[in-house]
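Here the structure comes first, spelled out in structure tokens, and everything after it is commentary.
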Amino acid sequence: MMNRPNESVPAVFLDRDGTLMREVNYCAHPRQVEIFQDVPEALQKLKQAGYKLIVISNQAGIGRGYFSEAQYRLVEAEVERAVRPATLDGVYFCPDHPERATARRKPGIGMILEAQRDHRIDLARSFLIGDKAIDIDCGRNAGVRTILVKTGYGAQELQAAPDWIAEDFAEAAEIILKQTQLEPDGTA
């Protein structure tokens, strides 16, 4: 799919912990990053189909004082290295403590709106993949289609009402690719 310079594009919004990588309670060190096996290949397929890949992640460990923003950035750099050869188009995080949350903290849509503005994203053609009800609520609140993965907390998630449920990230990517083929013009 070719996008014109000023044309809006679809995106896949990605939760990080429990979705792209093994859930680590307050991941504070790059050594704790363990990307799920099929994630890099699935990300590449989504990118080749014309989707922007945007991470949106609550990082309450910063707001709680468990780790610093500098430590978070080291972890994020390791995530970006570990998903290669795929590349992420944007990474947004919210350091808010849950009790002092702004509209940026999921299920709020602040991070999605920032990404929409920064990358000219068409939300109606976009998806969100996550492992918690707050991820799914965020996507629904923003008007994007949602997929709950059973990795991370997803296997025990009973409160979410996603559009689809997938065993893992690779299956979620296949759902998106199938939906892309069903679009009237055959593009994302």
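The values are calculated or read from the model by the stated rules, or taken from the named source; none is laboratory data. This one's a predicted model, so the numbers in the text were calculated from it and none came from an experiment. All Cβ positions, glycine included, derive from the backbone under ideal geometry; neighbour counts span all protein chains shown.
For residues that are among the charged types (D, E, K, R), under 20 Å from Val12 (Cβ atoms) and over 16 Å from the mean Cα position of the chain (by Cα), tally how many sit in segment 29-68.
0
Filter segment 1-22 for residues that are surrounded by 16 or more Cβ atoms within 10 Å (Cβ to Cβ) and in a loop (DSSP other than H, G, I, E, B); which is modelled with the lowest pLDDT?
Among them, the one singled out is Ser8.
Can you tell me how many residues in segment 19-28 are more than 16 Å from the chain's Cα centre (by Cα) and touching a residue at least 24 places away in the same chain (Cβ under 8 Å)?
Taking segment 19-28 and keeping what is more than 16 Å from the chain's Cα centre (by Cα), we get 24-28.
The next check asks that each one be touching a residue at least 24 places away in the same chain (Cβ under 8 Å); those that pass are 26-28.
The total comes to 3.
Within segment 126-181, track down each residue that is touching a residue at least 60 places away in the same chain (Cβ under 8 Å) and polar (S, T, N, Q).
Ser126, Thr151, Thr180
Any residue in segment 7-29 that is closer than 25 Å to Ala142 by Cα, small (Gly, Ala, Ser) and out of contact with any Gly (no Cβ under 6 Å at 6 or more places or on another chain)? Write out each step before concluding.
Pass one, segment 7-29, residues closer than 25 Å to Ala142 by Cα: 7-21, 23.
Now narrow it down to the ones that are small (Gly, Ala, Ser): 8, 11, 18.
Still in the running and out of contact with any Gly (no Cβ under 6 Å at 6 or more places or on another chain): 8, 11.
Scanning segment 7-29, I find at least one residue that is closer than 25 Å to Ala142 by Cα, small (Gly, Ala, Ser) and out of contact with any Gly (no Cβ under 6 Å at 6 or more places or on another chain), so the answer is yes.
Ala49 passes all but one of (1) out of contact with any Lys or Arg (no Cβ under 8 Å at 6 or more places or on another chain); (2) surrounded by 15 or more Cβ atoms within 10 Å (Cβ to Cβ); (3) closer than 25 Å to Gly110 by Cβ; (4) at pLDDT 95 or above; which number fails?
(3)
Within segment 149-166, does at least one residue satisfy the condition of being modelled with pLDDT of 95 or more, buried (at least 20 other Cβ atoms within 10 Å of the Cβ), under 12 Å from the mean Cα position of the chain (by Cα) and not β-branched (Val, Ile, Thr)?
No, segment 149-166 has no match at all.
Of all residues in segment 77-102, which are surrounded by 13 or more Cβ atoms within 10 Å (Cβ to Cβ), of a type in the set (Asp, Glu) and either free of Cβ contacts under 8 Å to residues at least 24 places away in the same chain or more than 23 Å from Leu113 (Cβ to Cβ) (or both)?
Within segment 77-102, Glu78, Glu80 meet the criteria.
I need a count of the residues in segment 31-62 that are assigned to a strand (DSSP E or B) and of a type outside the set (D, E, K, R).
7
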